[in-house]
Amino acid sequence: MPPLFPAAAQVLFLINNLGLYIHIPFCTQKCSYCNFYSFNAESNLIDSYFNTLLGEITAKGKTVTRPVSSVYIGGGTPTVAGGKRLYELLNTINKAFNVLPNAEITVEANPGDNLVDILPFLKKGGCNRLSLGVQSANQTELNLLRRRHNLTDVENAVNIARKTGINNISLDLMLGLPHSNLKTLKTSLDFLTGLNPQHISAYILKLEQGTPLFKNQANLNMPNEDMVADQYLFMCDYLSAKGFNHYEISNFAKDGYQSRHNSSYWQLCEYIGFGPAAHSFFNGKRYYYKPNITDYISNPTAIPDGDGGSEFEYIMLSLRMSDGINSAEFKNRYGKSFSEKFLKTAETLQKNGLVNINGQNISLTNKGMLVSNSVINLFTEVL
């Protein structure tokens, strides 16, 4: 897949087209931090799920005429389903929808899976972007996170992908891990950037209720808030020096390789989700499926979740991106200008080093991204 076009043209492209998200809720084992809807499953359940999923995609495709500019297959660990099932899924999507020739088609994978057998099926089905859950380059951290791979697996996965012809590689990294510091973080950053990926997603560990790490948090040596902030700011400077653009709070990309699919979420573009726990924003409405595979297989019924595209959503999602919010775009969308209170709030935040004001644009600084929820709340209170 060639690099994306300039940012302004990309926004128009995404607005005019659709994204598709497909949830594959299967894993070989649950990671200690994960609260996504996923579990280990027998082959017969996987087959039943795929039969329902393919039927839903085929039926939906008959009612949708808009072109598709991105497809994202996430989980769980989609590659647990095997190459043949994923090829059939990709083939069904291509038959059911008008998938553009230059569409971005991403599949998530675990570096510990047998990718030498799986990736040729993905490539044949049109996959041109691989997202690998690396998380850390320190084996002690990988063990704590219950990751199934080691560093050799990661190197092999990247090499296999490129030999297969999938050259757009995204790697995941976690910050703020137990016992972590700037030294351990630099080890991971050195390793990931040494693989020359096009994209890096970096997330601060959050102890989610119900996960093993949450239950064991009293015994974890977690870094304090200041150390986590230092890690985040260090990472931002490090990746910038390596030629990565910090285009969203948790995402960094080489020129032209921003995630088209995820960018569509942040830019309030529409998308359709399939599978238990999948969400959609289509024809101005939001809806989702319950996180229950049994219900989905027996009767895949979407649950309405109200209108989408509100002023609040625009502020909340746009401020995640480095481009931020734009007063002209806001007025074009909602028929009004930012209030005086809104603009004064922006000026105060700028004095505190949390936002940048550049003409009609208001965006978060790296420091502001660390406290994005608080900053966004301040803005939405004075809309």
When restricted to 112, 125, the only residue surrounded by fewer than 23 Cβ atoms within 10 Å (Cβ to Cβ) and in contact with a His (Cβ under 7 Å, 6 or more places away or on another chain) is 112
Determine whether residue 137 is of a type in the set (A, V, I, L, M), under 21 Å from residue 199 (Cβ atoms) and without any contact (Cβ under 8 Å) to a residue 60 or more places away in the chain.
yes
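Select from segment 19-58 the residues that are outside any loop (DSSP other than H, G, I, E, B) and touching a Cys at 6+ places or on another chain (Cβ under 8 Å) and write down the one among them that is modelled with the highest pLDDT. First the steps, then the outcome.
Taking segment 19-58 and keeping what is outside any loop (DSSP other than H, G, I, E, B), we get 19-24, 26, 39, 43-58.
Filter again for touching a Cys at 6+ places or on another chain (Cβ under 8 Å), leaving 19, 39.
Values: 19: 97, 39: 79.
Only one residue tops the list, namely 19.
Among helices (runs of 4 or more DSSP H) lying entirely in segment 129-219, which contain 3 or more residues that are under 21 Å from the mean Cα position of the chain (by Cα)?
On the way: elements: 139-145, 151-164, 182-194, 212-215.
Where helices (runs of 4 or more DSSP H) fall fully within segment 129-219 and carry at least 3 residues being under 21 Å from the mean Cα position of the chain (by Cα), they are 151-164, 182-194.
Return yes or no: is residue 245 under 20 Å from the mean Cα position of the chain (by Cα), buried (at least 20 other Cβ atoms within 10 Å of the Cβ) and modelled with pLDDT of 95 or more?
no
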Here is a check on your reading of the model: is residue 82 on the phi > 0 side of the Ramachandran plot, of a type outside the set (Lys, Arg) and in contact (Cβ under 8 Å) with a residue 12 or more places away in the chain? yes
Flag if residue 247 is among the aromatic types (Phe, Trp, Tyr), touching a residue at least 40 places away in the same chain (Cβ under 8 Å) and either more than 28 Å from residue 281 (Cβ to Cβ) or in a strand (DSSP E or B) (or both):
yes
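Would you tally the residues in segment 137-181 being within 19 Å of residue 250 (Cβ to Cβ) and surrounded by fewer than 16 Cβ atoms within 10 Å (Cβ to Cβ)? If you could, list the steps in order and put the result at the bottom.
As a first pass, look at segment 137-181 and keep what is within 19 Å of residue 250 (Cβ to Cβ): 137, 141, 145, 147, 168-177, 180.
With surrounded by fewer than 16 Cβ atoms within 10 Å (Cβ to Cβ) added as a condition, the list becomes none.
Adding up the residues that qualify gives 0.
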Filtering segment 52-65 down to residues that are in contact with a helix residue (DSSP H, G or I) (Cβ under 8 Å, 6 or more places away or on another chain) and in contact (Cβ under 8 Å) with a residue 40 or more places away in the chain yields 52, 53, 57, 60
Of the conditions (1) at pLDDT 95 or above; (2) small (Gly, Ala, Ser); (3) crowded, with 23+ Cβ neighbours inside 10 Å, the single one that residue 83 does not satisfy is (3)
Of the candidates 40, 35, the one satisfying the condition of being within 18 Å of the chain's Cα centre (by Cα), in the same structural domain as residue 211 (by TED's automatic domain parsing), over 14 Å from residue 107 (Cα atoms) and surrounded by fewer than 22 Cβ atoms within 10 Å (Cβ to Cβ) is 35
In segment 254-269, anything under 13 Å from the mean Cα position of the chain (by Cα) and either assigned to a strand (DSSP E or B) or aromatic (Phe, Trp, Tyr) (or both) is listed as 265, 266
Return yes or no: is residue 190 surrounded by fewer than 19 Cβ atoms within 10 Å (Cβ to Cβ), within 25 Å of residue 289 (Cβ to Cβ), of a type in the set (Asp, Glu) and assigned by TED's automatic domain parsing to the domain that holds residue 127?
no
When every residue in segment 198-237 that is modelled with pLDDT under 95 and among the polar types (S, T, N, Q) is compared, the one nearest to residue 30 (Cα to Cα) is 211
Conditions (1) closer than 26 Å to residue 24 by Cβ; (2) surrounded by fewer than 16 Cβ atoms within 10 Å (Cβ to Cβ); (3) assigned by TED's automatic domain parsing to the domain that holds residue 200 -> residue 259 fails only (2)
The lone condition residue 272 fails out of (1) closer than 24 Å to residue 71 by Cα; (2) in a loop (DSSP other than H, G, I, E, B) is (2)
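Using the structure shown, decide if residue 221 is on the phi > 0 side of the Ramachandran plot and out of contact with any helix residue (DSSP H, G or I) (no Cβ under 8 Å at 6 or more places or on another chain). First the steps, then the outcome.
Values: on the phi > 0 side of the Ramachandran plot: no; out of contact with any helix residue (DSSP H, G or I) (no Cβ under 8 Å at 6 or more places or on another chain): yes.
No.
The values are calculated or read from the model by the stated rules, or taken from the named source; none is laboratory data. Computed from a predicted model, the values in this text were never measured in an experiment. Counting neighbours? That spans all protein chains shown, and the Cβs are built from the backbone with ideal geometry, glycine included.
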